[in-house]
Amino acid sequence: MIEAAKPDAMTPVFCRVLKTHQETRDTFTIDLEPPSGPQVLPFAPGQFNMLYVFGVGEVPISVSGDPRRTHTLVHTVREVGAVTQAMRRLKRGEVLGVRGPFGSSWPVEQAVGKDVVIVAGGIGLAPLRPAIYSILAHRQEYGRVVLLYGTRTPEDILFRKELERWRARLDLSVHVTVDRALASWRGSVGVVTTIIPRAHFDSNNALAMICGPEAMMSFTVLELENRGVGLEHIYVSTERNMKCAIGFCGHCQLGPKFICKDGPVFPYDRIRQFFEIREI
Amino acid sequence: METLRPILAEHPFFKDLEERHLDLVAGCASNVRFKAGDFIFRHGEEANEFYLIREGLVAIEMFVTGRGAVNVQTIGEGQILGWSWLVPPYRWMFDAHALETTRAIALDGICLRNKSEQDHDLGYQLLKRFATIVQKDLDAARLQILNIYEVHA
Ligand SMILES: Cc1cc2nc3c(=O)[nH]c(=O)nc-3n(C[C@H](O)[C@H](O)[C@H](O)COP(=O)(O)OP(=O)(O)OC[C@H]3O[C@@H](n4cnc5c(N)ncnc54)[C@H](O)[C@@H]3O)c2cc1C
Ligand code: FES
């Protein structure tokens with residue numbers, strides 16, 4: 001059954017652009033200041049906002065900032081089409097419409113007491129970053145924490161400086177791999193599934209969070225299953241086109257589920273049968 | 001002499017291998033160590049071993065005219081390097097060199113091929129395990145060709 005939407009869920013609030021920062025050749029991070037001053041609506045890691053560029057259109061983008069830093073709303077965006085390109089061109093002080101936060105979140109609380117395996121492909125690292133911040137803020141409550149990140153080339157590595165800081169920590173194990181590289185690259189080469197066997201975690205007591213293209217997520221699930229992680233402990237973040245983001249329009253439907261409100265984060269065993277449906 | 005048998009027995013690759021087969025495999029095993037930059041094997045050479053990587057990182061490289069050496073895959077801790085020893089004409093198709101100090105167990109392919117000829121059960125067990133590796137390499141290569149992280153405009 002579709003729940004009634006909150007009356008204000010369709011009305012954007014106006015946020016000012018504080019800055020945009022180019023992360024890689026096609027990806028940028030945009031920092032927004034909410035209208036009510038230095039207090040952002042609380043969001044849970046994995047949730048998304050509908051960002052509206054005036055006169056161009058509205059798109060769903062996950063929050064990529066730190067849930068505890070409440071004065072700036074941060075999103076990391078890959079330029080693919082009209083709206084994301086227009087967003088990239090916004091200057092400091094210009095205004096963007098924001099609706100949200102919407103959707104389900106990464107199970108950071110269920111993961112307490114467990115080993116955590118975070119697997120990101122490409123831009124998929126952005127929606128996972130708030131979960132990483134939350135886990136690191138309560139690091140002692142978790143077992144081993146492993147971040148596996150795969151991207152196209154060394155130039156496409158997102159949040160490079162932050163990854164280096166994380167890699168230097170003794171309580172977080174970070175593995176980065178690229179699809180292709182020249183011989184000068186000293187790191188791993190191969191899709192992200194190839195580095196899963198190298199990761200140290202207790203598969204009987206692990207929770208996995210995966211975000212990336214669907215093909216990457218399917219193969220990652222297979223590999224984790226192979227390592228003995230139960231499907232009910234594997235969470236994936238799904239993407240479909242969105243219009244309303246509140247379960248009204250049906251644009252984002254995946255079988256009986258609405259990605260906008262039942263997702264985007266699902267335990268894999270609950271959406272398994274719909275996962276491989278090519279387009280809806 | 002210290003035997004590598006207990007280490008082999010714990011490796012997932014040899015999971016559920018019968019005791020007598022583990023003994024045969026351990027008889028073909030030795031410890032090896034490579035410094036960063038060392039070549040482990042080169043394209044065209046005879047392929048007479050494979051390696052269980054215990055520590056370090058190995059780059060599999062291909063020489064591409066005009067581009068030089070291209071790193072197509074890396075193999076690290078817990079992974080198996082090389083299956084050309086199993087398939088005639090037993091020649092390496094790539095170069096492999098250590099990116100870091102790498103410790104591994106080398107398994108002598110000639111020794112294993114001979115034992116497999118005498119004991120087909122052992123041969124079957126090895127083939128079954130290598131078939132999985134070949135399949136995974138193939139899947140990974142397909143994903144790489146697909147360029148799964150690319151946005152398809
Ligand atoms: C819940 C959710 C969270 C998201 N979070 C993020 C995020 O944090 N960062 C981010 O950059 N994007 C994110 N996206 C994807 C983002 O919404 C789309 O990339 C965006 O809608 C594209 O809009 P556009 O107008 O710029 O491009 P369009 O004009 O709609 O598309 C241009 C071209 O790009 C292709 N395309 C569009 N979106 C995608 C995609 N996601 N993957 C591959 N190809 C695509 C289209 O097929 C089309 O060919 C998220 C999507 C969902 C559903
Ligand atoms: S976007 Fe409208 S129902 Fe989900």
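The values are calculated or read from the model by the stated rules, or taken from the named source; none is laboratory data. Given the structure is predicted, the values throughout are model-derived calculations rather than measurements. Methodologically, a virtual Cβ is constructed for each residue, glycine included, from the backbone with ideal geometry; neighbour enumeration extends over all protein chains shown. Accessible surface is based on the protein model in full, side chains and every heavy atom, while ligands, DNA and RNA are left aside. Shrake-Rupley method; radii C 1.70, N 1.55, O 1.52, S 1.80 Å.
Just one of the numbered conditions (1) more than 30 Å from B:Ala69 (Cα to Cα); (2) of a type in the set (S, T, N, Q); (3) away from ligand 2 (no atom under 16 Å from the Cβ); (4) open to solvent by 30 Å² or more (accessible area, probe 1.4 Å) is not true of A:Ser218: (4).
Matching residues to (1) surrounded by 20 or more Cβ atoms within 10 Å (Cβ to Cβ); (2) away from ligand 2 (no atom under 14 Å from the Cβ):
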{"residue": "A:Pro213", "(1), (2)": "yes, yes"}
{"residue": "A:His233", "(1), (2)": "yes, yes"}
{"residue": "A:Asn241", "(1), (2)": "no, no"}
{"residue": "A:Gly247", "(1), (2)": "yes, no"}
{"residue": "A:Pro256", "(1), (2)": "no, no"}
{"residue": "A:Ile259", "(1), (2)": "yes, no"}
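Candidates in the stretch A:181-196 are the residues that are touching a residue at least 24 places away in the same chain (Cβ under 8 Å) and over 23 Å from the mean Cα position of the chain (by Cα); of these, the one that is farthest from A:Ser237 (Cα to Cα) is A:Trp185. Take the conditions (1) more than 16 Å from the chain's Cα centre (by Cα); (2) within 23 Å of B:Gln135 (Cβ to Cβ); (3) modelled with pLDDT of 90 or more; A:His200 misses just one of them, which is (2).
Checked against (1) open to solvent by 10 Å² or more (accessible area, probe 1.4 Å); (2) modelled with pLDDT of 95 or more, A:Pro101 passes all but condition (2).
In the stretch A:224-240, of all residues being out of contact with any helix residue (DSSP H, G or I) (no Cβ under 6 Å at 6 or more places or on another chain) and among the charged types (D, E, K, R), the one that is nearest to A:Ser203 (Cα to Cα) corresponds to A:Glu225. Take A:Gln22 and tell me if it is modelled with pLDDT of 95 or more, open to solvent by 20 Å² or more (accessible area, probe 1.4 Å) and under 25 Å from A:Gly250 (Cα atoms). Considered against the rule, which asks whether it is modelled with pLDDT of 95 or more, open to solvent by 20 Å² or more (accessible area, probe 1.4 Å) and under 25 Å from A:Gly250 (Cα atoms), A:Gln22 comes out as no.
Yes or no, residue by residue, for (1) open to solvent by 40 Å² or more (accessible area, probe 1.4 Å); (2) facing chain A (nearest Cβ under 9 Å); (3) among the β-branched types (Val, Ile, Thr); (4) at positive phi:
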residue	(1), (2), (3), (4)
B:Gly27	yes, no, no, no
B:Asn48	no, no, no, no
B:Val58	no, no, yes, no
B:Glu61	no, yes, no, no
B:Val72	yes, yes, yes, no
B:Ile75	no, yes, yes, no
B:Ile80	no, no, yes, no
B:Tyr90	yes, no, no, yes
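Cβ-Cβ under 9 Å, sequence separation 6+ or interchain: first residue in the stretch A:124-135 and within 14 Å of another protein chain (Cβ to nearest Cβ) and more than 9 Å from ligand 1 (Cβ to nearest atom), partner hydrophobic (A, V, I, L, M, F, W, C) and in a helix (DSSP H, G or I). Which pairs? Qualifying pairs under 9 Å: A:Leu125/A:Ile132; A:Leu125/A:Leu163. Being more than 14 Å from every other protein chain (Cβ to nearest Cβ), more than 16 Å from ligand 2 (Cβ to nearest atom) and surrounded by 13 or more Cβ atoms within 10 Å (Cβ to Cβ) is not true of A:Thr27.
Evaluating A:Arg227 against the criteria (1) charged (D, E, K, R); (2) within 14 Å of chain B (Cβ to nearest Cβ); (3) within 13 Å of ligand 2 (Cβ to nearest atom) leaves one unmet condition, (3). As for the stretch B:129-142, it holds at least one residue that is within 12 Å of chain A (Cβ to nearest Cβ), within 18 Å of B:Leu17 (Cα to Cα) and open to solvent by less than 70 Å² (accessible area, probe 1.4 Å). Here A:Leu125 does not fit the description of being touching a His at 6+ places or on another chain (Cβ under 6 Å), surrounded by 17 or more Cβ atoms within 10 Å (Cβ to Cβ) and within 23 Å of A:Pro45 (Cβ to Cβ).
Can you find even one residue in the stretch B:101-124 that is over 25 Å from B:Leu24 (Cβ atoms) and either aliphatic (A, V, I, L, M) or within 14 Å of another protein chain (Cβ to nearest Cβ) (or both)? Within the stretch B:101-124 (the criterion being over 25 Å from B:Leu24 (Cβ atoms) and either aliphatic (A, V, I, L, M) or within 14 Å of another protein chain (Cβ to nearest Cβ) (or both)), the answer is yes, since at least one residue qualifies. Of all residues in the stretch A:147-192, exactly one satisfies the criterion of being open to solvent by 20 Å² or more (accessible area, probe 1.4 Å) and under 16 Å from A:Cys211 (Cα atoms), namely A:His175. Summed over the stretch A:64-92, the residues that are near ligand 1 (Cβ under 8 Å from one of its atoms) and within 29 Å of A:Ala137 (Cβ to Cβ) give a count of 6.
Taken over the stretch B:103-128, the criterion of being more than 16 Å from B:Glu49 (Cα to Cα) and surrounded by 14 or more Cβ atoms within 10 Å (Cβ to Cβ) is satisfied by B:Asp119, B:Leu122, B:Gln125.
Annotation note: of A:Arg78, A:Arg144, A:Arg89, the sole residue that is under 14 Å from the mean Cα position of the chain (by Cα), open to solvent by 10 Å² or more (accessible area, probe 1.4 Å), modelled with pLDDT of 95 or more and away from ligand 2 (no atom under 16 Å from the Cβ) is A:Arg78.
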